[in-house]
Amino acid sequence: MPRRATRRRSGARRMLNKVPEVTLVFWIIKILGTTVGETAADYMSETLKLGLTKTTLVTGAVLAGMLVVQFRARRYVPWIYWTVVVLISIAGTLITDLLTDQIGVRLEVTTSVFAVALAATFLVWYRTEHTLSIHSIDTTRREAFYWLAILVTFALGTAAGDLLSERVNIGYWEAALLFGALIAVVAVAYYRFGLPEVVAFWTAYILTRPFGASMADFLTQPDRRHGLGLSSNQVSLVCLGLIVVAVGFLTLRQRRADAAIAAP
């Protein structure tokens, strides 16, 4: 076997691509997942009185178990993949909240640190694999980089969203509009002006986190903080219900596609 081919396979288990097709349904579930990440973290730590530390430990343990299931799968399985995304969304929120609310790290610092961490993740990923494309998540090593980047984007998005809506005092609804407008700019730059796909995807992925988090805060924060004051568990249940329906749709569509391929 040529040395180059051996290097490509060293330490990397070959498999089918582990990331779903990026469609409108993908982005809808992603935004719903970011909303759940914000509301579920608040519900567990505040309403259930678990506190940030216990909630982080519980979420981390469940996430670790689901990541084992995800890594053991040899292809994209909708319910496994999106369960991990929702759990990482919750974990990203908790990491930021733990640093800012319990340890006292300023949001300006956490936002900067997570931005640098994300840039470092992308740099090491690219230097190791020579690509950041989500269409080539077909080895264990690439998948590890992918999920690490996802976790950091969620933490960064939470910190950036909180920084704008609370410290800069833009407001939750106004922050959601701002991030929504930036997502629209990325979409126009991609479809109209040829922004590279990798850049467009990861920029949009980062921006959808503070967009969803700002929407969640707007829905659940009390009126004195310019929110609607809805119950965090109700918002979480509604969003989770919509995610289940969407993932069920994707699962059914994938089964039909597999059956069509297998048919003579």
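The values are calculated or read from the model by the stated rules, or taken from the named source; none is laboratory data. Just so it is clear, the structure is predicted and the values come from calculations on it, not from any experiment. A quick note on method: Cβ atoms are made from the backbone with ideal geometry, for glycine too, and the neighbour counts reach across all protein chains shown.
So the values come out like this:
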read-out: Answer residue from segment 109-149, given it is of a type in the set (S, T, N, Q) and assigned to a helix (DSSP H, G or I) and is modelled with the lowest pLDDT among those; value: S136
read-out: Residue within segment 182-191 that is of a type in the set (A, V, I, L, M), without any contact (Cβ under 8 Å) to a residue 24 or more places away in the chain and not in a helix (DSSP H, G or I) present; value: no
read-out: Boolean, V62 is aliphatic (A, V, I, L, M) and assigned to a helix (DSSP H, G or I); value: yes
read-out: Residue in segment 234-254 that is at pLDDT below 85 and of a type in the set (G, A, S) present; value: no
read-out: Condition met for S89 (touching a residue at least 40 places away in the same chain (Cβ under 8 Å), over 30 Å from L237 (Cβ atoms) and among the small types (G, A, S)); value: no
read-out: Search result, residues across segment 230-249 that are within 19 Å of K49 (Cα to Cα) and either touching a strand residue (DSSP E or B) at 6+ places or on another chain (Cβ under 8 Å) or surrounded by fewer than 15 Cβ atoms within 10 Å (Cβ to Cβ) (or both); value: S231, Q234
read-out: Per-region count, segment 226-247, residues touching a residue at least 12 places away in the same chain (Cβ under 8 Å) and either farther than 16 Å from V36 by Cα or of a type outside the set (S, T, Y) (or both); value: 10
read-out: Residue pairs meeting the criteria (Cβ under 7 Å; at least 6 apart or on separate chains; first within 18 Å of T47 (Cα to Cα), in segment 208-222; second in a helix (DSSP H, G or I) and hydrophobic (A, V, I, L, M, F, W, C)); value: A216/V235; F218/W173; F218/A176; L219/V235; T220/V235
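For (1) more than 17 Å from W27 (Cα to Cα); (2) among the β-branched types (V, I, T), each residue gets a yes or a no:
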| site | (1), (2) |
| --- | --- |
| G161 | yes, no |
| A181 | no, no |
| R192 | yes, no |
| V198 | no, yes |
| P210 | no, no |
| G229 | yes, no |
| L252 | yes, no |
| A259 | yes, no |
